[in-house]
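Comments concern the structure below.
The values are calculated or read from the model by the stated rules, or taken from the named source; none is laboratory data. As the structure is a computational prediction, the values presented were derived from the model and not from experiment. Glycine gets a Cβ as well: all are built from the backbone with ideal geometry, and neighbour counts include every protein chain shown. Ligands, DNA and RNA are excluded from the accessible area calculation, which covers all protein heavy atoms including side chains. Shrake-Rupley method; radii C 1.70, N 1.55, O 1.52, S 1.80 Å.
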Amino acid sequence: MADPDRFSLAEVLESFKKCLSDEGEILQEHYLEGWKGLVKFMSSLGSAFSFISNDAVTKIQILEDYRSGVNGQKYLTIQSMVKYEVDNELVDLTKRGDHWDSGCRTLLRLHRALRWLQLFLEKLRVASDNSKTSVLCTEAYQDVLAKYHPWIIRKAATVAFYMLPSRANFFEVMNMGPTEKVVAILGEALPVVAKTYDITEDLYSQHGLLDLP
Ligand SMILES: CCCCCCCC/C=C\CCCCCCCC(=O)N[C@@H](COP(=O)(O)O)[C@H](O)/C=C/CCCCCCCCCCCCC
């Protein structure tokens, strides 16, 4: 029987595929499922990564709480969440106040990390067997995510990245079989992740939500 606590890239990919509706909406249930799958992967990397997975878990939980709350219907899709929170002034737009943990602000943090994931997976896909995942991960982090983090987080993240296993061991943890198969799955996963990212980026840009504090 499949171990529900074991990371499966195929399941993560399936969740991100399912989160895109035919109408171009992003279903939060599956979006968050994809993130939960990624957190499983982080958990298998050891305690040096706990501070990162704890932050992701906290943010996933905030969004899950909205989804299961009295206004849960408004949180079915990212689009409906944005509309509901913006229309009802439930988002702190310029400085942290009563709505510091709005759904929009919380999801923005995951959305930015999704861009990191997209870059990292692309680097991983095209890298040679002897490439260091620590270098690939650091490059992707510096390119897109580091600018949003204070010095102390950047430092801790960079130290943690040094603990990453080799590309071969990394692929083993991915639980997907031989390298060629993982590379093929990554090729399939990337457009899905990119589309999810692009739709969210456009939506947030239209509403002026890309710099939420
Ligand atoms: C297909 C499988 C291969 C790749 C698997 C990767 C698995 C990655 C899983 C989870 C990624 C974690 C995402 C973390 C979300 C971070 C959100 C964030 O930016 N939070 C910061 C800002 O929040 P607020 O303070 O404004 O509330 C927060 O300060 C950050 C705290 C923790 C550090 C975040 C560093 C993120 C580095 C990117 C992930 C590296 C994972 C490496 C593992 C390969």
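Across the range 162-172, computed HN-Hα scalar couplings (Karplus, 6.51 cos²θ - 1.76 cosθ + 1.60, θ = phi - 60°) run 4, 7, 5, x, 5, 4, 4, 5, 4, 5, 5 Hz from first to last residue, x flagging Gly and Pro.
In the chain, the longest principal axis of the Cα atoms and the axis of helix 9-18 are about 30 degrees apart. Extension gain, Ala127 to Glu29: 0.36 nm times the residue separation minus the Cα-Cα distance gives 32.0 nm. Looking only at Ser102, Ser128, Ser44, which one moves most when the chain is put into a Gaussian network model with springs between Cα atoms under 10 Å? So, out of Ser102, Ser128, Ser44, the one fluctuating most is Ser128. Each of Val183 and Lys147 was given a label point 7 Å from its Cα along the Cα-to-Cβ line. The distance between the two points is 3.2 nm. Here the chain is scanned for chymotrypsin sites (Phe, Trp or Tyr not before Pro) in DSSP loops (not H, G, I, E, B) that have at most 14 other Cβ atoms within 10 Å, and the longest stretch holding none of them is 1-99. Taking 7 Å steps out from each Cα toward its Cβ at Ala10 and Ser68 produces label points 2.9 nm apart. To the nearest ten degrees, helix 50-68 and the longest principal axis of the Cα atoms of the chain are 40 degrees apart. For Ser8, the amide hydrogen comes within under 5 Å of no other amide hydrogen, counting only partners 5 or more places away or on other chains and with H modelled in the peptide plane. Projecting label points 7 angstrom from Cα along Cα→Cβ for Asn54 and Lys195 puts them 3.7 nm apart. The H on the amide N of Leu20, modeled in the peptide plane, is under 5 Å from the matching H of Leu27, each at least 5 residues off or on a different chain. Could you pull out every residue, at least 5 positions away or on a different chain, whose amide H is within less than 5 Å of the one on Thr77? Hs are placed 1.01 Å off N in the peptide plane, and Pro or chain starts have none. Correct list: Gln28. When Glu122, Glu23 are compared by accessible area of protein heavy atoms, the largest-first order is Glu23, Glu122, using a 1.4 Å probe.
Between 0 and 90 degrees, the angle of helix 151-161 with respect to the longest Cα principal axis of the chain falls at about 30 degrees.
Per residue of the chain, the DSSP helices (runs of n ≥ 4 H) give a summed -39500 (n - 2.57) that works out to -21000 deg cm²/dmol at 222 nm. Per-residue Karplus couplings for the range 72-78, computed as 6.51 cos²θ - 1.76 cosθ + 1.60 with θ equal to phi - 60°, are listed in order as x, 4, 6, 10, 5, 10, 5 Hz, Gly and Pro entered as x.
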